[in-house]
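Let me begin by presenting the structure, written as structure tokens, before commenting on it.
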Amino acid sequence: SQNVYANDEKQITILFTHDMHDNFLPFKIEQEGKIVELGGYARLQSAINLEKRKDPELLLVSAGDYSMGTLFQTLYTSDSLSLRILGQMGFDIITFGNHEFDYRADGLANSLDAAVKSKGKLPQIVISNVSFPVDKDGTMEDSLASLKRAWDDYGIKEYIIIERKGVKIGVFGIMGKEASAGAPMSGVDFTDQVKKAKEVVKRLREDEKVDLVICLSHSGTWPDKSQSEDEILAKKVPGIDVIISGH
């Protein structure tokens, strides 16, 4: 999908995906009585390349759940296939979805380690509302300590500043309440996304002096407006210019 941010002088193209779930290969469905082939990362790469010819400085991002959903997920911990392919495809910045925690803290740690070990091009990962709990003695359990080390080795951040066409852009990631409930064995704590978003946006606007704020949110929208987390986020944190809504 594509979103365009423009003011009187500059136009920024944002290409985005979410919830791709390791669907590297195309699949067939029936449309109007005919079997048609859709999807797959080769087609996606062709679409990206076409847009990059139009705008070489576009921003390519993803809002989580890039993994888990096909048999390719069996390579998640050993080879980190998803992250490495997203890097090769030119994704600039992504965030985690709940399914990146399906193999628990150890699984995500191994995936991050495999990605770094590959020494290939990798996307920057941002997520702001994750914390690593410790016990009353200040000790972190082994699996969480392993994830925290891998997290830091990869270089995961709350937000990143990137410049396109002279526009200073702040990009941060968050995980919503319903989504984080889908990762009950992750071991990490997910803090309130609206409260954290307000903190990060304040920092981006006042300290970093960005021109544009983009949130990669794995929170989702729902028909019931009282439960539509990304719509609530948009209303409660007006300092966000663009929400890429996954989940």
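Cβ separations smaller than 7 Å between residues 6+ apart or across chains give the following pairs from the stretch 124-153 residues that are more than 16 Å from residue 94 (Cβ to Cβ) to residues that are exposed (fewer than 14 other Cβ atoms within 10 Å of the Cβ): 131/189; 133/189; 140/134. Restricting the first member to the stretch 91-107 and to residues that are on the phi > 0 side of the Ramachandran plot, and the second to residues that are open to solvent by 10 Å² or more (accessible area, probe 1.4 Å) and not in a loop (DSSP other than H, G, I, E, B), the beta-carbon pairs closer than 9 Å and six or more apart or on different chains are 104/143.
A single member of 210, 171, 188, 194 is in contact with a Pro (Cβ under 9 Å, 6 or more places away or on another chain) and of a type in the set (A, V, I, L, M), and it is 188. Determine, yes or no, whether residue 43 is open to solvent by 60 Å² or more (accessible area, probe 1.4 Å) and touching a Ser or Thr at 6+ places or on another chain (Cβ under 7 Å). Answer is no for this residue. Scanning the stretch 85-123 for residues that are touching a Ser or Thr at 6+ places or on another chain (Cβ under 9 Å), farther than 21 Å from residue 25 by Cβ and of a type in the set (Asp, Glu) gives 106, 113. Out of all the residues in the stretch 123-141, is one or more of a type outside the set (Lys, Arg), in a helix (DSSP H, G or I) and surrounded by fewer than 23 Cβ atoms within 10 Å (Cβ to Cβ)? No, the stretch 123-141 contains no residue that is of a type outside the set (Lys, Arg), in a helix (DSSP H, G or I) and surrounded by fewer than 23 Cβ atoms within 10 Å (Cβ to Cβ). Identify the single condition in (1) open to solvent by 10 Å² or more (accessible area, probe 1.4 Å); (2) over 16 Å from residue 129 (Cβ atoms) that residue 178 does not satisfy, given that it satisfies every other one. Condition not satisfied by residue 178: (2).
Contact map, the stretch 197-213: residues that are more than 23 Å from residue 165 (Cβ to Cβ) paired with residues that are open to solvent by 10 Å² or more (accessible area, probe 1.4 Å), Cβ distance under 7 Å, separation 6+ or inter-chain. Pairs shown: 197/240; 200/158; 200/159. Selection of the stretch 183-217 for residues being over 23 Å from residue 232 (Cα atoms) and polar (S, T, N, Q) yields only 186.
Listed here are the residues, each with its yes/no results for (1) touching a residue at least 12 places away in the same chain (Cβ under 8 Å); (2) over 17 Å from the mean Cα position of the chain (by Cα).
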{"position": "19", "(1), (2)": "yes, no"}
{"position": "31", "(1), (2)": "no, yes"}
{"position": "34", "(1), (2)": "no, yes"}
{"position": "42", "(1), (2)": "yes, yes"}
{"position": "45", "(1), (2)": "yes, yes"}
{"position": "64", "(1), (2)": "yes, no"}
{"position": "85", "(1), (2)": "yes, no"}
{"position": "89", "(1), (2)": "yes, no"}
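In this structure, is residue 214 crowded, with 22+ Cβ neighbours inside 10 Å and either modelled with pLDDT of 95 or more or not charged (D, E, K, R) (or both)?
yes
The values are calculated or read from the model by the stated rules, or taken from the named source; none is laboratory data. Owing to the predicted nature of the structure, the values given are computational and were not obtained by experimental measurement. Here Cβ is always computed from backbone atoms with ideal geometry, including for glycine, and neighbour counts include all displayed protein chains. In case anyone asks, the SASA skips ligands and DNA or RNA and just uses the protein heavy atoms, side chains included. Shrake-Rupley method; radii C 1.70, N 1.55, O 1.52, S 1.80 Å.
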